[in-house]
1. Taking only the stretch 41-76 into account, find how many residues are free of Cβ contacts under 8 Å to residues at least 60 places away in the same chain, out of contact with any Lys or Arg (no Cβ under 9 Å at 6 or more places or on another chain) and of a type in the set (D, E, K, R).
2. Against the conditions (1) modelled with pLDDT of 90 or more; (2) polar (S, T, N, Q); (3) part of a loop (DSSP other than H, G, I, E, B), where does residue 30 fall short? Just the number, please.
3. Go over the candidates 87, 94, 62, 81 one by one and state the one that is of a type outside the set (Asp, Glu) and in contact with a Gly (Cβ under 6 Å, 6 or more places away or on another chain).
4. Quick check on residue 114: is it modelled with pLDDT of 85 or more and surrounded by 14 or more Cβ atoms within 10 Å (Cβ to Cβ)?
5. Could you list, in sequence order, the residues of the stretch 49-93 that are farther than 19 Å from residue 21 by Cα and part of a helix (DSSP H, G or I)?
6. (1) at pLDDT below 90; (2) on the phi < 0 side of the Ramachandran plot: which one isn't true of residue 11, the others all being true?
7. Report, by residue number, each residue of the stretch 18-48 that is buried (at least 18 other Cβ atoms within 10 Å of the Cβ) and polar (S, T, N, Q).
8. If residue 84 satisfies all but one of (1) modelled with pLDDT under 85; (2) closer than 20 Å to residue 10 by Cβ; (3) more than 14 Å from the chain's Cα centre (by Cα), what's the number of the condition it fails?
Amino acid sequence: MRLCTVSWNMGREDTVQLLMECLKDGHLVQHCLATGAMMKATALHLNEPPLTWEEIGIFHDIDYELVQGDMQRHGVEGERILLEHGIDPGTAAIVRRHNDYLQDNRVYSSRRDRTTICRQCIKAYHCLCAGQRRTAF
């Protein structure tokens, strides 16, 4: 039984539009788009849903300007934004979990909560964590 389903996406045009509503820094937008492209290519290689993985990559830093460097909120606010826009909870959860700095009782780092998310989410999460560092702005 899967604990989350990462299968729905809103389409690339709408994904980019939502990203650009939340982020104004062009370098940060390019970083998110590059991460999305890397995620999509990796998903194809791993036989995973490429559009969903691309969406995860594009959205991973959607809250970066909002949180202004507060790493206890980075990811948490991203998840909130995505859920408010009707994005799949599995996708939103991966965006929240990509920040390894989260250490409070409500949000755990990946090392502590891997068992609570589905295998596909774990793969996408690891890909995002590795890839977003390669596309750093």
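1. The qualifying residues number 2.
2. In the conditions (1) modelled with pLDDT of 90 or more; (2) polar (S, T, N, Q); (3) part of a loop (DSSP other than H, G, I, E, B), residue 30 misses (3) alone.
3. The conditions single out 62.
4. Against the criterion (modelled with pLDDT of 85 or more and surrounded by 14 or more Cβ atoms within 10 Å (Cβ to Cβ)), residue 114 does not qualify.
5. 50, 51, 52, 53, 89, 90, 93 - these are the residues of the stretch 49-93 that are farther than 19 Å from residue 21 by Cα and part of a helix (DSSP H, G or I).
6. Residue 11 satisfies every listed condition except (2).
7. If the condition is that a residue be buried (at least 18 other Cβ atoms within 10 Å of the Cβ) and polar (S, T, N, Q), then 35, 42 are the ones that fit.
8. (1)
The values are calculated or read from the model by the stated rules, or taken from the named source; none is laboratory data. Small disclaimer: the values here were computed from a predicted structure and weren't measured. A quick note on method: Cβ atoms are made from the backbone with ideal geometry, for glycine too, and the neighbour counts reach across all protein chains shown.
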